[in-house]
1. Kyte-Doolittle mean at least 1.0 and Cα extent at least 27 Å along the axis: which DSSP H helices of the chain qualify?
2. Per the Kirkwood formula on distinct C-alpha pairs, the Rh of the stretch 4-67 is how many angstrom?
3. Expected output is a single nm value to one decimal: the length gained when fully extending between ALA191 and GLU257, i.e. 0.36 nm times separation in residues minus the C-alpha distance. What is it?
4. At what distance in nm do the modelled label points of PHE209 and VAL307 sit from each other, each positioned 7 Å from its Cα along Cα→Cβ?
5. Would you mind telling me the share, in percent, of accessible area of the chain contributed by carbon and sulfur at probe 1.4 angstrom?
6. Roughly speaking, what is the stretch gain from PHE108 to GLU135, that is 0.36 nm per residue apart minus the C-alpha to C-alpha distance, in nm to one decimal?
7. Bin by bin, in steps of 5 Å, what percent of the Cα pairs in the stretch 246-297 do you find, going until the bin that has the longest distance?
8. Suppose R0 equals 25 Å. What FRET efficiency, 1/(1 + (r/R0)^6) with r the Cβ-Cβ distance, do VAL406 and ARG321 give to the nearest 0.05?
Amino acid sequence: MLGWFGIVRLGLVQTALGAVVVLTTSALNRVMVVEYALPATLPGVLVGLHYALQMLRPRMGHGSDVGGRRTPWIIGGMAVLCLGAVLAAIATGMMGGALVPAIGLATFAFLLVGAGVGAAGTNLLVLLAARVAPERRPAAASLVWIMMIAGFVLTTAIAGRLLDPYSPERLVTVSAGVAGIAFLLAAVAVAGIEGLAAAADTARRPTAFRAALAEVWQEREARHFTLFVFVAMLAYSAQDLVLEPFAGTAFGMSLGESTRLASLQHGGVLAGMVLIALLGSWCHGRLAVLRGMILGGCLLAAAVLAVLAGAGFAPEGFPLRAAYAALGLGNGIFAAAAIAAMMQLASRGAPGRDGVRMGLFGAAQAIAFGLGGLAGTVMLDLGRLATGSAIGGYAAVFLADAALFVAAAAMAPRIGRAEAPGRRTWPSAASPA
């Protein structure tokens, strides 16, 4: 089993993943919408493509289940992700001139980003769940995600300063630098780490993928959690592509200022995850406590979004920084608690299916992110047309997002309780309810 040093090494991979992904979902989105005045639907479709490709996550998890090795998937996924991020930055820089070729290149680039995130992210989580002792899983999951958010915070804060004043060349240079550093960090972090645990820890069941997926889907507990992840992440993602443009449109912030505001929001997420790490250690990962934190985090995020819906109509004196930090806090609490629950639930079911199960959770997240990002941007554009003002579109997005968080909160009390009485389960040695 991995000690804390090994867990931190895996956390560095998440830091690298977060550093690359945050540029594609924040800075590039902002440049398309504000600097080039393109429809918000364009980055919504591109980000939706990269999430759509992550529907392959269960297949990627099954491949590593059968092969018994996770690190080749992680390193290969990081290489594909970093290449896609650089190509996406080049394509975005081209949109000020050759728009059609730029969109074609961006489409290919975002598909690479999706494939890379799916391969690396799924198998990193499976490796973490398999190599960490059950009593450490909640704290370990929170720590790894805290390190990912730290990658968000550092990248957005530093890149926000390096990107001003904007130029296509500056955008490509900063993106390539971030991608190169991230790949080297991830490769060093996972080097030899699977050798730290016995190979026998990996259960291998060389069943056909469709049969393995069907077997996992029959588990009520896994199926309910998959649906919860979909609804919660749909809410999370609907805000993702509109927060930075909202700051620029309603409050007149520059690219660097709105990127630094995103850093403040991610700082709130970080604080929420620290809280869950502490509570997770205190309660030894009991699902009853995690359910309560998921519920509270969803309701806090819903309340802040409802307030933001009216902020654009009276921006003078509105505490935007405090609101973004509070939104991040709610997101961090619910996300970290859900991740901790995911780590416990990944091994609760048919043995040797951890990769498929984690891939199923990840696919639900990816589909929700793709649909949410696209729905948010489409709703924004439709709101602009209907009201003649972008502010009305932003309000509609924030209110719909708040409603989704309330729906996710309603599902939270059943997490880990969905298995029918008398139905056979395969609980792990320590999977507290």
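The values are calculated or read from the model by the stated rules, or taken from the named source; none is laboratory data. Everything numeric here is computed off the predicted structure, so don't read it as measured data. Ideal geometry is used to build each Cβ from the backbone, glycine not excepted, and the neighbour counts take in all protein chains shown. The accessibility values were calculated without ligands, DNA or RNA, using every heavy atom of the protein model including side chains. Shrake-Rupley method; radii C 1.70, N 1.55, O 1.52, S 1.80 Å.
1. 71-94, 99-131, 137-162, 168-190, 287-311, 320-345, 390-411
2. On the way: mean 1/r = 0.0703 Å⁻¹.
After inverting the mean inverse Cα-Cα distance, the result is 14.2 Å.
3. In short, 20.0 nm is gained.
4. 4.6 nm
5. Percent of accessible area from carbon and sulfur atoms in the chain: 71.
6. Computed gain between PHE108 and GLU135 is 5.5 nm.
7. P(r) for the stretch 246-297, in whole percents per bin: 5, 18, 19, 14, 10, 10, 10, 8, 5, 0.
8. According to the calculation, E is roughly 0.50.
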